[in-house]
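Reading through the structure tokens given below for one structure.
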Amino acid sequence: YVPEINYGVFTCWWRAIMAIFVYKNADLVLPVSKNTKRELFGRVKPKKVHVVYNGIDTEKFIPSNDKEKYVLTVGAVSWSNLKRKGLETFVKTAKILPKTRFILVGRHADNSINYLKRIASKNVEFTGYVPFERLLELYRHAMVYAQLSRHEGFGVALAEAMACGCVPVVTKMAAIPEVAGECGIYVPYGDAKATAKAIQEAFKRRELGKCARDRVCKMFSLEKREEKLIETLNNLVKSEE
């Protein structure tokens, strides 16, 4: 529920009614972060709730030994995502660092791409949709990944980039700190100047890329998710017997 950017099911009354009905009647709700659980409990009290983080294939998402000096962010380009995922801030930050390459990967969902291109400097590349193999290549070679969002329920793209050894430059909003942890360089939401400074720092702190991958392998692997799902569902079945 983020009314200032008109985001979330509870910003619409009739969707909120349906969501409350579903949450109250579900045998088990599995939020993908502790932050999502807190947000849920602020609106409704389900029967049973267990946090099960998303999982990343850490054997597929691996760093390259040949990192390149560019900043990557991933997200569909839409009017809502300009604020929610901080895409506008990403583009404005690039103008402050004209000698640094910025790459925004994501399909163009509406005409908001025209606005971004109007305000963008020449060092910003808008790839549009790319096949998975190309996306993986961009993750693996990027030195820095920027997740400048106002809200993320988890942040799968962030975790994928971290698994590939990118240094995370992130906000402290919603579930982002749960994913980035001590490996992230944090910036205020919507602050392009602070973000530019953090990116310059990130290029110098390559050790945070290793920290990021180790964190994902430890906390957000597919194996960890599978183990937690099986444990949670087994407990549910036993409680119903």
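The aspartates and glutamates whose alpha-carbon is closer than 14 Å to the alpha-carbon of Lys92, local same-chain residues fewer than 8 away aside, are Glu125, Asp191. Sorting the segments 57-70, 185-198 by their mean number of nearby beta carbons within 10 angstrom, highest to lowest, gives 185-198, 57-70. Listed by chain and number, the lysines placed with their C-alpha closer than 17 angstrom to that of Lys228 are Lys34, Lys37, Lys48, Lys218, Lys238; residues fewer than eight positions away on the same chain are left out.
Per-atom-type breakdown for the range 156-207 gives carbon and sulfur 52% of the accessible area (1.4 Å probe, protein chains only). Considering only the other residues whose Cβ falls under 13 Å of the Cβ of Cys211, what net charge follows from Lys and Arg at +1 and Asp and Glu at -1? Summing Lys and Arg as +1 and Asp and Glu as -1 gives +3. Sorting Tyr7, Tyr139 on solvent-accessible area from highest to lowest, probe radius 1.4 Å, gives Tyr7, Tyr139. Dividing the mean sequence gap of close Cα pairs (under 8 Å, 6+ apart) by how many residues the chain holds gives a relative contact order of 20 percent. Rounded to the nearest 20, the Cβ-based charge dipole of the range 3-101 about its Cα centre (Lys and Arg +1, Asp and Glu -1) stands at 320 debye. Between Glu223 and Ile17, full extension at 0.36 nm per residue minus the direct alpha carbon distance yields a gain of 70.6 nm. Using only alpha-carbon positions in the range 36-136, the gyration tensor eigenvalues give semi-axes of 30, 21, 13 Å once each is multiplied by 5 and square-rooted (largest first). Debye-formula intensities of the range 114-241, expressed as log10 I(q)/I(0) at q = 0.10 Å⁻¹, are -0.39 (one equal scatterer per alpha-carbon, no solvent).
Among the listed pairs Lys24/Lys172; Lys122/Lys193; Lys24/Lys85, those with a Cα-Cα distance over 22 Å are Lys24/Lys172; Lys24/Lys85.
For the range 46-180, the per residue solvent-accessible surface stands at 40 Å², with DNA, RNA and ligands left out and a 1.4 Å probe.
If you take all other residues with their beta carbon under 15 Å from the beta carbon of Ala163, and give Lys and Arg +1 and Asp and Glu -1, the sum is +3.
Think of each Lys and Arg Cβ as +1 and each Asp and Glu Cβ as -1; about the Cα centre, that makes the dipole of the chain roughly 860 debye. In the chain, what % of DSSP beta bridges are antiparallel (nearest 5)? Bridges in the chain are about 5 percent antiparallel. If R0 is 25 Å, the Cβ-Cβ spacing of Ser64 and Ile96 corresponds to a FRET efficiency of close to 0.40. Over the chain, the reciprocal of the mean inverse Cα-Cα separation, the Kirkwood hydrodynamic radius, stands at 18.8 Å.
For the range 44-93, the carbon plus sulfur part of the accessible surface works out to 47%, probe radius 1.4 Å.
The values are calculated or read from the model by the stated rules, or taken from the named source; none is laboratory data. If you're wondering where the values come from, they're calculated on a predicted model, not measured in any experiment. Cβ atoms come from the backbone with ideal geometry, glycine included; neighbour counts cover every protein chain shown. Note: areas computed on protein heavy atoms with side chains; ligands, DNA, RNA excluded. Shrake-Rupley method; radii C 1.70, N 1.55, O 1.52, S 1.80 Å.
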